[in-house]
Amino acid sequence: MNVLLDGFAAVLTPENLLFAIIGVTVGTLVGVLPGIGPALTIALLLPLTFNLDSPTGALIMFAGIYAGAMYGGSTTSILLNTPGESASVATSIEGYQMARRGRARAALATAAIGSFVAGTISTVLLSLLAAPMARFAVMFRAADYFALAVLAMVAVTALVGRSMVRGLLSLTLGLFLGLVGIDSLTGQARFTFGSVNLLDGVNIVVVIVGLFAIGETLYLASRPHDVPSTVAPLEPARGFAWLTRDDWRRSWRPWLRGTALGFPFGALPSGGAELPTFLSYTYEAKRSKHRDEFGSGAIEGVAGPEAANNASFSGVLVPLLTLGIPTSATAAVMLAAFQIFNVQPGPDLFDEGGTLVWALIASLYLGNVLLLLLNLPLIRLWVKVLQIPRPVLYSAILVFATLGVYAVSGSVFQVLLAYAIGVIGFFMRRYDFPIAPVILGLILGPMMEEQFRRALSLANGDFGVFVSRPLTVVLLSLAVLALVVPYVPRLLARGKADRVPAKVALGEDD
């Protein structure tokens, strides 16, 4: 409790409080704008934070952006039927139908209040679980860290995107980029192709800006007709916080159930908030007393997914802070931000950087309050934001991306490399290759290689070290299971299809 109070003391300083306000405001803004997600925004802002004296303010701002984007994504889902970010897809199913029926304010209110409830409860859980998890992680050895990195990369690769092959190819690209440069063990140059500009490796900021800022912007600019232009109107306000008594009665249980789903799934390497939001929607649709309203604007279908969406954010921070393992693309970008400031998330972080960690956690409590105050009163402002001309927006992003990379590196070569990676990112988005495995491979690949070598060195080259400890075996087994699970429904469906013709053929033979 004392360490959390120290965290509040740190975050309530004028400087850090300003960073928190900027973070949640910018996060809500980018959540509202279709296609402009938190990963892209953090990637753009990374170069601007290099000259800060302390990483605390920058990380508080990045956490606010992440949380704010979760909030803001519901606005476009409800008013435009276009999710501001992927975790808000489930919200758009019922939210837009509510808006069409003249209940846009109720949909926005249940999303905002549910996000506040879920965000606060999940932050309490994060506060309670983070330190014990860090103490448990101290027991990890080199082989365990190698297995954990394999599990994180394989699980995210298997569970995001529509194709396992595309996901593995994206992961391979990230692992390759992580190998470029001088090998820390042998001192040999790897995959530099004779260029001295690559001896230090591929700068992670260059890759992140290239994939998320440049590549994503090029992709969005190539699809101008994907964003609808008609915004659902806001009806006159009525009821407490725009919700009637019946709305409150129907919403509070989905808020709690969504929180219970979102937090643990966020902590798992499952690719972020998409899975728990759809699970929440499916659960509410099956057990609701108003099942006939689903598909035409059921408030439970907004309350549950939005709570799951925001609870998953705090869940994502558990493995990120205690193990240094990101479980989503935005978490991977945040891990890069930690590393840029020479802060390595993991078990030692709570001892060596306790003030930073608890200030970050305390900022989440404050951020939830700020976001609730921003979302409901300023909804008309966010609706105006939707009217920003897309060419202006995309041009500004490319300018900031170019200036950011040059400010970090001072090299035209790095700018050209960022644009080359951006073109690759464009084609990846165009042909449905997931981006998250590239970032995970780039960040976790070097760590996995280092821990693999360390484990073999300590075991005198005996590969049995990777099956000698129960924890290592469990983690590697889960990685194998993650590769198999996506194919189980297909195999079951194929088995049923095979059995049906067999019965028919048997009947004909008889």
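The values are calculated or read from the model by the stated rules, or taken from the named source; none is laboratory data. Everything quoted here is computed from the prediction, not taken from an experiment. FYI the Cβ positions are ideal-geometry reconstructions off the backbone, even for glycines, and counts take in every protein chain you see. Ligands, DNA and RNA are excluded from the accessible area calculation, which covers all protein heavy atoms including side chains. Shrake-Rupley method; radii C 1.70, N 1.55, O 1.52, S 1.80 Å.
The set of residues in the range 458-473 that are open to solvent by 80 Å² or more (accessible area, probe 1.4 Å) and either closer than 12 Å to V150 by Cα or assigned to a helix (DSSP H, G or I) (or both) comprises L458, F463, V467, P470. In the set P326, P319, P345, P276, only one residue is under 24 Å from F146 (Cβ atoms), open to solvent by less than 20 Å² (accessible area, probe 1.4 Å), without any contact (Cβ under 8 Å) to a residue 40 or more places away in the chain and not β-branched (V, I, T); that residue is P345. Looking at E352, is it surrounded by fewer than 17 Cβ atoms within 10 Å (Cβ to Cβ) and within 30 Å of F140 (Cα to Cα)? Yes; evaluated as a whole, the condition is true for this residue.
Among the residues of the range 1-58, those identified as in a loop (DSSP other than H, G, I, E, B) and modelled with pLDDT under 80 are M1, L33, P34, G35, I36, G37, L46, F50, N51, L52, D53, S54.
Would you check if V138 is modelled with pLDDT under 85 and either surrounded by fewer than 17 Cβ atoms within 10 Å (Cβ to Cβ) or in contact with an Asp or Glu (Cβ under 7 Å, 6 or more places away or on another chain) (or both)?
Values: modelled with pLDDT under 85: yes; either surrounded by fewer than 17 Cβ atoms within 10 Å (Cβ to Cβ) or in contact with an Asp or Glu (Cβ under 7 Å, 6 or more places away or on another chain) (or both): yes.
Criteria met by V138.
May I ask you to list the residues in the range 172-200 that are in a loop (DSSP other than H, G, I, E, B), in contact with a Phe, Trp or Tyr (Cβ under 9 Å, 6 or more places away or on another chain) and among the small types (G, A, S)? The answer is S195, and nothing else.
In the range 120-147, the residues that are charged (D, E, K, R) form Cβ pairs under 8 Å with partners that are open to solvent by 10 Å² or more (accessible area, probe 1.4 Å), at six or more places apart or across chains, as follows: R135/P347; R141/R469; D144/R469; D144/L471; D144/L475.
Name the single residue that is nearest to T91 (Cα to Cα) among those in the range 279-316 being buried (at least 24 other Cβ atoms within 10 Å of the Cβ) and of a type in the set (D, E). Selected residue: E306.
Filtering the range 355-377 to residues that are open to solvent by less than 10 Å² (accessible area, probe 1.4 Å) and either in a loop (DSSP other than H, G, I, E, B) or in contact with an Asp or Glu (Cβ under 9 Å, 6 or more places away or on another chain) (or both) leaves A359, A362. Among the residues of the range 415-432, those identified as open to solvent by 60 Å² or more (accessible area, probe 1.4 Å), among the aromatic types (F, W, Y) and either closer than 16 Å to L177 by Cα or modelled with pLDDT of 90 or more (or both) are Y419, F427. Taken together, the residues in the range 1-17 that are charged (D, E, K, R) and open to solvent by less than 20 Å² (accessible area, probe 1.4 Å) amount to 0.
Contact map, the range 451-474: first residue within 20 Å of L185 (Cα to Cα) and at pLDDT 85 or above, second residue open to solvent by 80 Å² or more (accessible area, probe 1.4 Å) and not polar (S, T, N, Q), Cβ cut-off under 8 Å, separation 6 or more or different chains; pairs are R453/L185; A455/R141; L456/D462; L456/F463.
Any residue that is surrounded by fewer than 22 Cβ atoms within 10 Å (Cβ to Cβ) and not in a helix (DSSP H, G or I) - is there at least one of those in the range 210-226? Yes; the residues of the range 210-226 include at least one that is surrounded by fewer than 22 Cβ atoms within 10 Å (Cβ to Cβ) and not in a helix (DSSP H, G or I).
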